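Only one structure is covered here, and it is reproduced in the block below.
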């Protein structure tokens, strides 16, 4: 991989990031309700105070000036102040980032591993009973709304069987510390993580299955077989490594979808992460928070996609340009 | 209806095209005869896909239910003010086949009337998404150069930017009427199809008949509408069928988060109502099971039809 490739890809990521920021700013501009009016709703605020607030938020400047100011503040890491708490959006986001990273991280890892494994087995013997069962099941889950899957599992496992807690990250009444606390958190995570894992492993298994099918027609597999390698060896050493590449890009892109799913699932299970913050901000019409959350989620997907692209180019010497 | 085969067949027959009897068949007549023949071949191939036919049957039934909703159940049963005398949180019974919710609304009425909004949003938003995708893809592929560069960068950005967060922010600052929701879902989901359509445009553009048309003095508009569009149409239709599921799921997600369309009832809104009514905690499974299963069934049916269409169009996929 040349320096040129790295620079080119990074530049593309910067362009995408810029488009996101621009989009975010334009959406902010579309808000017809006056932020000052929203903030001071129900309180007696003098006209001078309002003018001062308008001045503070720079609402009287031209669009271009406002955009440049917005960019400048953004580069300084200032995403504005939450309407709900009055604290900086960055602080709010940082305080809620770990529950989401762990939830999305674990479920992405699990759905990638299980999905890829299913895809390999299914694609290696297309039309077999295993293929039909696994493809049918993953398609079914893939077609299910996250909200419904969440409600269904919550009903089965919290209401009926009472195996897992209904929500939150720890029991507010418990005073567990250390390892015990970690176990309690994991216990709370099982259901939300299961919904996200099951809901999103379909992409991995379907893409992996298609990729294995594609690879299984390649000449080098015939050669490997002609050399007398066992079927198992050909699959493990020749087919799988070559068919793995598309799932790298998929993992990065899939984070974007899982982020959407996590908003629903965190809301349903009151998991105190960014997703719950998203829907709370939505309910409170907290625009700075909404935009900060949107920006942070987009930026993470953009960075992950860049890393995946670079990894792909590193692993596959055929991808040199574009 | 949603199946391209069914949608094309009647329009292909409307213009009178007397082919064999006329001494010199007109160009238009020849073109229509060719199209009718390929639709016939397409349908024959499509019928061989069992999954595709099952999906199509499910879709026809769902569409009929949505269209005939007023004849099947009373809309009044979905309006809380009329259902005040109904039993609340009643499990499925003879009077209420799918039970009632916390406001005494009949769940079967919500299911049938919800089909309208969910299918409408799914179909219209997916159509909008494909129209944008086709316009961007064809323009980028046909014109190339800086137009391609600019459009492709925007397309890449939209491909990477997470859809649901973007849709949430858009709905939050815009309105919550049906048109806005459809617009938001359409505008956040076009990038994938734009990419495919651009690739197809690039290959069609290099065919000899496009050169021939250009040599005969055809302008861009003629080439795009008469040569490129008919040739990318199959991809557009396959993509449309495969975009409807994600549009339906997006509507469900937005509605569940409380930013679904103001007007009407949808399956997503039923799921949200179930969550706010603590249906899970109180064990009222009939609050969410019918709507959730309806979403899964319709989404799966569209996917099955879409996959079958793709298989017909792309023989390479047939072994799968």
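Laboratory data are not the source of any read-out in this text; all were calculated from the coordinates shown. All values reported here derive from a predicted model rather than from experimental measurement. Note that we place each Cβ from the backbone using ideal geometry, even for glycine, and neighbour counts take in every protein chain shown.
Key figures
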read-out: Cβ-derived FRET efficiency at R0 35 Å, residue A:137 paired with residue A:15, nearest 0.05; value: 0.30
read-out: Contact order normalised by residue count of the range A:70-138, Cα under 8 Å, 6+ apart, percent; value: 13 percent
read-out: Cα gyration tensor shape for chain A, rounded if a/c is under 1.5, else prolate or oblate; value: oblate
read-out: Length-normalised contact order for chain B - Cα pairs under 8 Å, 6+ apart - percent; value: 23 percent
read-out: Neighbour-count ranking [beta-carbon atoms within 10 angstrom, fewest first] of B:221, B:113; value: B:221, B:113
read-out: Computed label-point distance, nm, for sites residue A:236 and residue B:127 using a 7 Å Cα→Cβ extension; value: 5.4 nm
read-out: Square roots of 5 times each gyration tensor eigenvalue, C-alpha, the range B:65-182, largest first, Å; value: 44, 16, 11
read-out: Cα-based Rg and Dmax for the range A:148-267, where Dmax is the largest Cα-Cα distance (Å); value: 20.9, 66
read-out: Expected 222 nm ellipticity per residue - DSSP helices of 4 or more, -39500 (n - 2.57), all of the protein assembly as shown, to 500; value: -23000 deg cm²/dmol
read-out: Angle in degrees between helix B:50-67 and the longest Cα principal axis of chain B, rounded to the nearest 10; value: 60 degrees
read-out: Average Cα contact separation per residue, the range A:74-230, under 8 Å, 6 or more apart, as relative contact order %; value: 34 percent
read-out: Computed FRET value (nearest 0.05) for residue A:316 with residue B:146, which takes r as the C-beta separation and R₀ as 22 Å; value: 0.15
read-out: Least to most buried among A:98, B:267 (fewest other Cβ within 10 Å first); value: A:98, B:267
read-out: Chain B: equivalent-ellipsoid semi-axes (sqrt of 5 x gyration tensor eigenvalues, Cα, Å); value: 43, 24, 16
read-out: Gap separating the Cα centres of the range B:181-197 and the range A:292-306, nearest whole Å; value: 19 Å
read-out: The protein assembly as shown shape via C-alpha gyration tensor axes, a/c threshold 1.5; value: rounded
read-out: B:123, A:161 arranged by Cβ crowding within 10 Å, fewest neighbours leading; value: A:161, B:123
read-out: Overall form of the range A:224-322 per C-alpha gyration tensor (a/c, 1.5; a/b vs b/c); value: oblate
read-out: Pair residue B:212, residue A:185: separation of 7 Å Cα→Cβ label points (nm); value: 6.9 nm
read-out: FRET efficiency, 1/(1 + (r/R0)^6) with R0 45 Å, evaluated for residue A:214 and residue A:62 via beta carbons; value: 0.25
read-out: Spacing of the two label points (7 Å from each Cα toward its C-beta) at residue A:229 and residue B:220, in nm; value: 5.0 nm
read-out: Inter-part distance where the range B:234-302 and the range A:164-221 are each reduced to a Cα centre, Å; value: 23 Å
read-out: Number of partner chain Cβ atoms within 10 Å, mean per residue of B:153-160; value: 6
